[in-house]
Amino acid sequence: MKPEMIAIGRQPIILESDFCVLNYVDSMGCVSCKMGLPKWKAFGAYIDSISSKHVPVVFIVQESVRRNVLYSMKADGYYPDYVIVDKEDSFQKKYNFPTEDDMKTFLLDKTYRVIAIGNPINQEKVTSLYVSYITKKRKFDMAG
């Protein structure tokens with residue numbers, strides 16, 4: 001059975017870029033506090049300024065926090081490229097994320113393969129890592 005998810009924004013998600021950033025938002029803690037939307041807005045603008053192609057930002061949001069997330073986006077004036085509401089919490093069930101928010105954000109390549117894990121708006125080292133991949137200064141190697 002296909003999980004029930006609602007995409008808000010441009011559909012479908014087709015990557016024209018070599019990368020995208022995926023951020024999973026769940027109900028743990030203060031949603032608007034931990035999302036850091038102004039930081040995401042600045043990060044998106046920075047990434048686009050150094051990349052030859054737009055790097056989309058995708059938020060997958062638990063149904064239980066959908067209203068809070070959309071309200072925060074409206075209040076902060078930032079909307080990622082895609083917001084996907086996971087009505088059945090199937091994303092969490094499938095991937096069983098740890099409780100640490102920094103482990104719920106991923107840099108994906110154009111085949112949706114995870115290249116890097118970590119939240120670039122909270123950790124400078126992760127921002128640098130994402131930038132190194134996006135600007136092609138670092139190559140992804142399956143062997144590590």
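The values are calculated or read from the model by the stated rules, or taken from the named source; none is laboratory data. Note that the structure is a prediction, hence the values are computed from the model and not measured. With ideal geometry, Cβ positions are generated from the backbone for all residues, glycine too; neighbour counts draw on all protein chains shown.
Restricting the search to region 71-95, which residues are closer than 15 Å to Asn23 by Cβ and assigned to a helix (DSSP H, G or I)?
Result: Ser72, Met73, Asp76, Phe91, Gln92, Tyr95.
Residue-by-condition table, conditions (1) of a type in the set (A, V, I, L, M); (2) farther than 25 Å from Tyr133 by Cβ:
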| position | (1), (2) |
| --- | --- |
| Ser27 | no, yes |
| Gly36 | no, no |
| Ala45 | yes, no |
| Asp48 | no, no |
| Val57 | yes, no |
| Leu70 | yes, yes |
| Gly77 | no, yes |
| Lys93 | no, yes |
| Arg113 | no, no |
Residue that is nearest to Asp26 (Cα to Cα), among those in region 86-107 that are crowded, with 19+ Cβ neighbours inside 10 Å and modelled with pLDDT of 90 or more: Lys104
